[in-house]
Structures are given as structure tokens and as C-alpha cells.
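The values are calculated or read from the model by the stated rules, or taken from the named source; none is laboratory data. Bear in mind the structure is a predicted one, so any value in this text is a computation, not a measurement. Positions of Cβ are backbone-derived with ideal geometry, glycine not excepted, and every protein chain shown enters the neighbour counts.
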Amino acid sequence: MRFAALALVLAPTFALGVGGDDYDPPAPSETTKTCSDGQVWDIATQSCTAPEDSTNDDNARLNDVRELAYAGRYAAAIRVLDTLDDPNADLALTYYGFAHRMAGRVAVGMAYYEAALAADPDNLLARSYMGQGHVAAGEVALAQAQLTQIRMRGGRGTWAEVALAQSIETGIGYAH
């Protein structure tokens with residue numbers, strides 16, 4: 001298990017760990033296989049469209065966000081997030097945080113993680129990503145505090161815990 005977890009840490013990926021337990025990258029969909037950068041696949045019309053014109057529900061949009069982030073297309077992921085019916089849901093805030101942090105806007109990303117945790121203190125994914133941001137900034141004690149919170153909130157064995165523990169151990173954060 002330890003080797004497998006380390007291999008996941010070192011894998012050069014950019015996916016979001018949706019729900020906190022998804023170790024696998026997203027399967028490419030028409031959004032990244034067919035659509036131009038900045039567009040998403042609209043399920044109802046079976047065509048590429050601007051995110052703001054899409055008829056997809058929030059769940060499908062969040063899938064697009066995850067896929068776009070995996071492809072390293074953080075600006076496009078943020079554009080899709082901006083079209084959610086509820087952009088203030090804690091998962092949306094977590095994804096905003098991730099996309100901004102990975103795009104180099106660390107302070108903005110951390111502020112989104114704080115907002116996600118204010119909305120749901122048990123958001124293990126936000127805690128893991130925040131902790132990984134602390135590791136990247138050399139703030140290991142703050143990262144360890146997030147790992148402790150993940151464990152105290154029932155997150156032992158989840159992607160969120162494994163990713164942050166390995167990040168603390170190696171000094172390398174997950175890029176997903």
C-alpha cells in the first residue's frame with residue numbers, strides 16, 4: 001500500500017480527487033477530445049458549446065471541471081465553475097481553490113479552501129488540498145494540522161488522507 005500511495009504521489013497527473021476517494025484520472029470525454037479549449041460537451045445538444053450556454057446540470061459541469069483540471073486547463077475549469085447553479089457549494093469552492101492554486105494563485109486558492117471549510121468543516125478534500133498547499137509553501141506544521149483534522153473527521157484511508165500524508169512525507173503534493 002505504501003509503495004502504491006507513493007507512486008500515486010509521484011505520478012504526473014492533474015486530476016481532481018473528486019469526492020476525496022477517486023484515485024483514477026477521469027476518462028476523456030468529448031469535452032477534451034473534441035471541443036476547443038474553453039468549450040464543453042453539451043449532453044442535450046450533443047455538441048461543443050461555451051460553458052455559459054451549456055444545458056448540462058451541475059454534476060455534469062463538475063465532471064467537466066475535473067477533466068479540464070486533469071488536462072491542466074485551469075482557466076477553462078474556472079470558467080465552467082463560474083456557470084454552476086450553485087458556485088458557493090463547498091465542492092465548487094474546493095475546486096475553485098484547487099484550480100487557482102494550481103494556476104499559481106496560491107493565496108486565492110487558499111481563500112477558497114477556507115470558504116469551503118466554513119461551509120462544511122468535514123470537507124476532507126478541501127483539507128487535503130489546503131494541506132498540500134501548505135507543504136508546497138514549506139508550512140509543514142499547518143499541513144500536519146490538516147492531516148490531523150482529516151483523521152479526526154473519519155478520513156483515515158481516504159484519498160484525502162493518503163494524498164496529504166504522502167505529500168508531507170515526500171514534500172511533493174498531488175497535482176490531482
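Observations on the model:
- Contacts under 6 angstrom Cβ, first residue in segment 125-139 being in contact (Cβ under 8 Å) with a residue 12 or more places away in the chain, partner charged (D, E, K, R), 6 or more apart: Gly133/Arg101
- Hits in segment 150-175 - residues which are touching an Asp or Glu at 6+ places or on another chain (Cβ under 9 Å) and either assigned to a helix (DSSP H, G or I) or in contact (Cβ under 8 Å) with a residue 40 or more places away in the chain (or both): Ile150, Arg151, Gly155, Thr158, Trp159, Ala160
- Residue among Asp86, Asp64, Asp82 that alone is closer than 30 Å to Ser36 by Cα and in contact with a strand residue (DSSP E or B) (Cβ under 7 Å, 6 or more places away or on another chain): Asp64
- Subset of segment 33-48 (residues that are in contact (Cβ under 8 Å) with a residue 12 or more places away in the chain and touching a strand residue (DSSP E or B) at 6+ places or on another chain (Cβ under 9 Å)): Thr34, Cys35, Ser36, Gln39, Val40, Trp41, Asp42, Cys48
- Among all residues of segment 73-81, there is none that is under 16 Å from Arg153 (Cβ atoms), crowded, with 22+ Cβ neighbours inside 10 Å and in contact with a helix residue (DSSP H, G or I) (Cβ under 9 Å, 6 or more places away or on another chain).
- When residues of segment 148-163 are limited to those that are closer than 14 Å to Leu117 by Cβ and among the aliphatic types (A, V, I, L, M), the one surrounded by the fewest Cβ atoms within 10 Å (Cβ to Cβ): Met152
- Options Ala44, Ala60; residue that is outside any loop (DSSP other than H, G, I, E, B), out of contact with any Cys (no Cβ under 8 Å at 6 or more places or on another chain) and either at pLDDT below 90 or not aromatic (Phe, Trp, Tyr) (or both): Ala60
- Meets criteria (modelled with pLDDT of 95 or more, more than 22 Å from Asp120 (Cβ to Cβ) and either touching a Ser or Thr at 6+ places or on another chain (Cβ under 8 Å) or in a helix (DSSP H, G or I) (or both)) for Thr55: yes
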